[in-house]
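Q: Just dropping this structure here.
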Amino acid sequence: MVLIHSRQQDDTTIEIIQWIRSIGKKTFRVNKVSDLEDISLEVSRGNIEAVYLNGSGMLYPRIETTDPLLQYHLREYLKNDAIAVWQYLFATYLKNLNAFGNLPFPGNMLNKLNVLEAAKNLGLAIPGYEIVYKRDRMNELKETWERIICKPLADGVSIVTDEVIITGQYTEEISSKDIAGFEDIFSPTLIQQLVAKIFEIRVFFFREKLYSLALFSQSDRTSQIDSRLNNLKSPQRQVPFILPDELQDKIKLLMSELTLDYGSLDFIVTPENNFVFLEVNPYGQYGFLSKSGNFYIEKEIAEYLCTSSKL
Amino acid sequence: MRQDTPFKIFANCIPVKGATRSVFCDLQRNKVHLIPHALYTIVTEHQGCTIKQIKAAFENKYDEYIDEYFQFLEGEELIFYTEMPQLFPDLDLKWDYPFEISNCILDLDGQSNFDFTSILLGLNQLDCKYLEVRGYTALPMSVYESLLNAAQNTTVTSITLILADNDDCDLEDWENLCDTYSRVCGVTIHGHAEQLSRHSAKFSIPIKTVTRILNDETCCGNIKEHYFTSNTETFAEAQKYNTCLNRKISIDRGGNIKNCPSLPERFGNIHSISLPEATKQPGFKKYWGIGKDQIAVCKDCEFRYVCTDCRAYVEEPGNIYSKPLKCGYDPYTCEWVEWSTHPMKQAAIEHYNLKTLC
């Protein structure tokens with residue numbers, strides 16, 4: 001059977017499960033901390049043959065208390081304990097199985113800055129970037145690069161309390177007016193040159209295979225800076241794309257250097273037809289890519305999970 | 001307009017040639033654009049050329065028309081300009097589905113005395129995902145509740161209800177049903193006094209009433225423009241399969257297991273044979289591979305890959321490759337006419353004994 005851990009309402013996971021079932025294998029879906037015991041049981045019986053992980057989705061028990069701070073800390077404590085068990089299972093019993101995906105735990109997170117450096121060393125073009133601490137420097141960069149964007153250094157912010165809601169995961173352009181409103185000194189902020197683009201490329205990489213889409217976000221203003229902000233009425237054009245051979249080789253090298261056998265990569269194609277690397281997302285959703293390109297990636301992943309493990 | 005940069009069609013916008021005119025099927029935005037053959041020729045034979053080159057190829061006699069065509073293509077975002085057209089492949093039109101059965105139609109009337117638990121068990125064994133329930137007579141709410149209860153914990157995750165109006169139930173009751181059973185994804189009540197539409201409060205499930213009365217399965221099989229679906233899944237499936245019958249199973253009012261309730265072939269009765277067993281009977285998949293390219297007239301129609309189909313009511317009963325009877329479109333004249341009064345169709349209408357021509 002294939003062990004499945006993903007977000008509960010994920011359509012892509014349902015398709016994966018369907019393909020696995022069509023091959024004649026069983027699935028074992030886990031989401032709760034209490035499921036860990038069942039995993040250990042199935043592991044000891046030698047029943048787990050492969051693992052599919054997609055995004056977060058582990059549900060942690062809710063502690064009945066009126067104090068939100070206490071609630072938060074208790075959850076973190078229980079969560080970290082559960083993560084320790086997961087990590088142990090993956091370091092031991094589940095280690096040699098065919099697997100798709102990565103566990104969404106802090107130890108597995110990619111550092112964006114390290115990735116950019118690794119890409120640069122492989123000869124991939126990357127946008128100018130700098131970690132900025134002062135308003136004056138930000139003004140200088142704005143002048144040099146003309147248009148700049150701000151990206152989260154890690155995962156962005158998502159704070160919801162009784163008093164405030166602060167969320168921000170998207171990339172945003174920073175105007176001179178914005179800068180004028182900033183403090184003189186601020187916490188480290190990732191600033192990148194806004195690279196002019198004619199279209200974006202989203203690449204899904206899985207075990208040396210590449211599936212690519214060109215995303216034409218420029219025609220529609222809502223998606224110009226961040227293509228995830230898509231217009232529902234006339235959605236941005238998404239069509240299959242063939243990466244030049246040299247770029248394919250560099251992507252494979254980069255993924256091998258980052259020890260990832262799965263992930264989504266973003267590129268920009270400039271008006272001069274240069275390919276500029278933006279980032280790797282080791283938890284990227286590939287369902288939309290599979291559908292837009294009619295790639296049937298879900299079927300390929302399921303087939304891989306149902307072939308006998310490496311051992 | 002960029003006269004000097006090669007143009008390329010977006011891969012999910014596919015031109016299709018008909019007998020008299022062509023269409024552009026925008027599979028991403030679910031639109032079908034009518035275009036003349038001349039434009040079909042330009043986009044298919046001159047793809048990768050610049051507008052300037054195309055104009056020259058026509059000896060600059062049609063520059064104005066060509067500019068007008070490209071204004072349209074740009075306006076609808078059907079094409080783009082690029083110096084690297086070789087990096088944009090065509091859309092792969094392969095089609096696949098994990099299981100033999102994706103959809104089931106279950107017909108009910110006052111005589112249908114079905115064991116819903118065993119039906120749903122069969123559908124679960126087939127990994128069937130979609131169920132459409134069509135009720136021709138008013139049935140008590142408890143019938144639908146027992147059906148929906150039987151669907152819990154099965155692979156049947158999307159259930160559409162098309163039911164006869166029931167004096168004992170008002171819209172509130174249907175709304176409650178939708179919000180109690182999360183697998184219900186739409187309700188249509190036919191034979192209602194007025195046309196209403198709303199969404200359920202909790203799950204926002206669309207509920208509508210129509211005045212039209214559905215007496216039995218002979219109401220099905222209509223071909224209309226608003227049934228067209230322009231998306232990759234349908235377009236790809238239509239290349240090789242029958243988009244109405246492929247991967248479908250059904251149970252008619254009498255409990256007969258069929259590919260479609262309107263078709264004559266029976267593969268056993270639900271009281272004596274299970275659904276998975278029925279699908280193994282010879283001939284069960286007889287119609288699945290009849291794509292539009294094999295059907296008379298349809299194969300010349302520009303709408304062939306975005307259209308529905310019907311093999312139960314055809315113009316020449318006995319010829320399973322003839323045009324759907326209930327299609328009023330003629331791809332040779334490009335006209336839509338009322339099919340039911342068409343003199344050439346009267347013999348077939350009589351053959352099928354279609355009393356209500358809806």
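The values are calculated or read from the model by the stated rules, or taken from the named source; none is laboratory data. A quick note: this is a predicted structure, and the numbers were derived from the prediction, not measured. No Cβ is skipped: glycine too gets one built from the backbone with ideal geometry, and neighbour counts run over all protein chains shown. Ligands, DNA and RNA are stripped out before the accessible areas are found, and what is left, the full protein with its side chains, is counted by its heavy atoms. Shrake-Rupley method; radii C 1.70, N 1.55, O 1.52, S 1.80 Å.
Q: Quick one: how many residues across region B:213-237 are hydrophobic (A, V, I, L, M, F, W, C), farther than 17 Å from residue B:98 by Cα and within 14 Å of chain A (Cβ to nearest Cβ)?
A: Number of matching residues: 1.
Q: Could you go through region B:303-317 and let me know if any residue there is open to solvent by less than 20 Å² (accessible area, probe 1.4 Å), outside any loop (DSSP other than H, G, I, E, B) and not basic (Lys, Arg).
A: Looking for residues that are open to solvent by less than 20 Å² (accessible area, probe 1.4 Å), outside any loop (DSSP other than H, G, I, E, B) and not basic (Lys, Arg), one finds at least one in region B:303-317, hence yes.
Q: Go over the candidates A:7, A:29 one by one and state the one that is in contact with a Gly (Cβ under 6 Å, 6 or more places away or on another chain), surrounded by 15 or more Cβ atoms within 10 Å (Cβ to Cβ) and either without any contact (Cβ under 8 Å) to a residue 60 or more places away in the chain or within 30 Å of residue B:125 (Cα to Cα) (or both).
A: That would be A:7, the only listed residue that is in contact with a Gly (Cβ under 6 Å, 6 or more places away or on another chain), surrounded by 15 or more Cβ atoms within 10 Å (Cβ to Cβ) and either without any contact (Cβ under 8 Å) to a residue 60 or more places away in the chain or within 30 Å of residue B:125 (Cα to Cα) (or both).
Q: Here is a follow-up. Quick test of your reading of the structure: residue B:41 fulfils all but one of (1) part of a loop (DSSP other than H, G, I, E, B); (2) more than 9 Å from every other protein chain (Cβ to nearest Cβ). Name the failing condition by number.
A: Looking at each condition in turn, residue B:41 falls short on (1).
Q: Now for a separate question. If residue A:17 satisfies every condition in (1) hydrophobic (A, V, I, L, M, F, W, C); (2) within 23 Å of the chain's Cα centre (by Cα); (3) away from chain B (no Cβ under 14 Å); (4) surrounded by 14 or more Cβ atoms within 10 Å (Cβ to Cβ) but one, which is the exception?
A: Just one mismatch for residue A:17, condition (3).
Q: Residue check: is residue B:160 touching a residue at least 60 places away in the same chain (Cβ under 8 Å) and not in a loop (DSSP other than H, G, I, E, B)?
A: For residue B:160, the condition - touching a residue at least 60 places away in the same chain (Cβ under 8 Å) and not in a loop (DSSP other than H, G, I, E, B) - is not met.
Q: Right, another one. Mind checking which residues of region B:83-141 are within 18 Å of residue B:255 (Cα to Cα) and among the aromatic types (Phe, Trp, Tyr)?
A: Passing the criteria: B:114, B:116, B:136.
Q: What number of residues in region B:323-343 are open to solvent by 30 Å² or more (accessible area, probe 1.4 Å), of a type in the set (S, T, N, Q) and at pLDDT below 95?
A: 1
Q: I'd like the full set of residues that are touching a Leu at 6+ places or on another chain (Cβ under 8 Å) and more than 14 Å from every other protein chain (Cβ to nearest Cβ), limited to region B:16-38.
A: B:21, B:22, B:23
Q: Follow-up. Does region A:54-70 contain any residue that is open to solvent by 80 Å² or more (accessible area, probe 1.4 Å), under 24 Å from residue A:254 (Cα atoms), touching a residue at least 24 places away in the same chain (Cβ under 8 Å) and in a loop (DSSP other than H, G, I, E, B)?
A: Looking through region A:54-70, none of the residues is open to solvent by 80 Å² or more (accessible area, probe 1.4 Å), under 24 Å from residue A:254 (Cα atoms), touching a residue at least 24 places away in the same chain (Cβ under 8 Å) and in a loop (DSSP other than H, G, I, E, B).
Q: Filter region B:6-46 down to the residues that are over 29 Å from residue B:226 (Cα atoms) and either at pLDDT below 95 or open to solvent by less than 10 Å² (accessible area, probe 1.4 Å) (or both) and list them by number.
A: The one that is over 29 Å from residue B:226 (Cα atoms) and either at pLDDT below 95 or open to solvent by less than 10 Å² (accessible area, probe 1.4 Å) (or both): B:7.
Q: Just to be sure before I move on: is residue B:240 free of Cβ contacts under 8 Å to residues at least 12 places away in the same chain and under 26 Å from residue B:34 (Cα atoms) in the structure I sent?
A: The answer is no for residue B:240.
Q: Would you check which residues across region B:163-200 are closer than 20 Å to residue B:108 by Cβ, surrounded by 19 or more Cβ atoms within 10 Å (Cβ to Cβ) and either of a type in the set (A, V, I, L, M, F, W, C) or in contact with a helix residue (DSSP H, G or I) (Cβ under 6 Å, 6 or more places away or on another chain) (or both) and list them?
A: Within region B:163-200, B:163, B:164, B:174, B:177, B:178, B:181, B:184, B:187, B:189 qualify.
Q: Let me ask something additional. Which is at positive phi and in contact (Cβ under 8 Å) with a residue 40 or more places away in the chain, of B:268, B:221, B:254?
A: None of the other options fit; the residue is B:221.
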